[in-house]
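Everything below concerns the one structure shown next.
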């Protein structure tokens, strides 16, 4: 059974960088990606900012969504008693605190406010207990919320509900959904330019992070479409780069003209399949291919986040097994920004259609808009939090 991290000592808390500390408490599962993106933007602006994550639920992966950020502090959630909450706040002395309605630790938040912490609430929907004007405790909640610097309402309904509670309009900031992250994968501009010249306008598509069972499906779809588009190039990125040499050898045995990235080979005019079996270059391949099949989705519920491809303007094909990034696939699908394929026939049909530049561009535009949705809202929240830090420093 998983255990919570041990409570750090006061010396541990004081050992943080010396810069400001943001306390993020118990984001609901549906808010974790947006919370991680918010922290990412804040730390980009303030590299000296430390982060304290607390969570009510025990579990081995409660902070898994924050693993790509600078290492945060972890602590158990403060208990809802005045003595425990005061000790927690005295220990950590947060400069900013971000809460969510369903998990709001009212006593600890009150104590933090009394010591000068700027409090922020991010809400998509209010708990039922907050919505009834005459229910016992609603007045206490209202007085508690008046201590907050800002109440960020992600929906029109939640903004109206906050106003109905009697909270002042200046305190409520309608912001819309926050960004869940669409950080653009980088690449070498020189490498991109060189490969683009080699490809020289050839129709190109990408099969990214394909698992062993998906390789032949992508190759069969390529075989079907290349009969009409004779210069079509497939960039094939296996999920395990170490599989590259064997995969290349097998495809050559089947009669394909193959180039292997790890052997420093380049896609020549005759190359039909380019096996990109190197680490950390997905941003390069996504820039070169206007259409991408994202592997791990034909049955394994694995594969990359589709927002990475969407942010680089790729039309996206994927299988039905999207459990690894289900929310992102649902949003992209609702915007007609992806196509679901199930086998080599459906993959070939979708690929043939999307080789028409206007079709691919329409899908890619829709995907980009979905992947960047909420960017302005997150920037607005970030800006207000940074202003609060500056005001506290000036004071």
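Label separation (residue 257 vs residue 330): 4.6 nm, computed from points 7 Å beyond Cα along the C-beta direction.
Put simply, when 305-313, 254-262 are sorted by average Cβ atoms within 10 angstrom per residue, most first, you get 305-313, 254-262. Label-to-label distance for residue 30 and residue 229 is 3.8 nm, based on points extended 7 Å past Cα in the beta-carbon direction.
What's the ranking of 322-330, 149-157 by average number of surrounding C-beta atoms within 10 Å, highest first? Show your work: numbers first, answer last.
On the way: 322-330: 17.4, 149-157: 19.2.
Result, highest mean first: 149-157, 322-330.
To the nearest ten degrees, helix 244-253 and the longest principal axis of the Cα atoms of the chain are 30 degrees apart. With helices as the sole contributors, the chain gives -12000 deg cm²/dmol at 222 nm; each DSSP H run of n ≥ 4 counts as -39500 (n - 2.57), and the sum is divided by every residue.
Once the stretch 92-236 is represented by equal point scatterers at the alpha-carbon sites, with solvent omitted, what log10 I(q)/I(0) does the Debye formula produce at q = 0.15, 0.21 Å⁻¹? Normalising to I(0) and taking log10 leaves -0.77, -1.32. Classified by the C-alpha gyration tensor, the stretch 209-289 has a rounded form. Its axis ratio a/c, with a ≥ b ≥ c, is below 1.5.
Within 10 Å of each residue's Cβ, count the other Cβ atoms and sort 23, 130 from fewest upward. Please report the intermediate quantities before stating the final value.
Working: 23 27, 130 23.
Listing 23, 130 from fewest to most nearby Cβ atoms yields 130, 23.
Extension gain, residue 80-residue 129: 0.36 nm per intervening residue step, less the Cα-Cα distance, totals 15.8 nm. Size of the chain: Rg and Dmax of its alpha carbons, in Å, are 25.0, 77.
Here is the size of the stretch 189-371 from its Cα atoms: Rg then Dmax, 14.9, 42 Å. Specify the angular offset, from 0 to 90 degrees and rounded to the nearest 10, of the alpha carbon long axis of helix 82-92 from the longest principal axis of the alpha carbons in the chain. It is inclined by approximately 50 degrees. The Cα center of the stretch 237-267 and the Cα center of the stretch 338-354 differ in position by 23 Å. For the chain, the relative contact order comes to 13 percent (Cα pairs under 8 Å, sequence separation of at least 6).
Each value in this text was obtained by applying a stated rule to the coordinates, not by laboratory testing. Keep in mind that this is a model prediction, so the values were computed, not measured. When we count neighbours, we look across all protein chains shown, and the Cβ atoms used for this are built from the backbone with ideal geometry, even at glycine.
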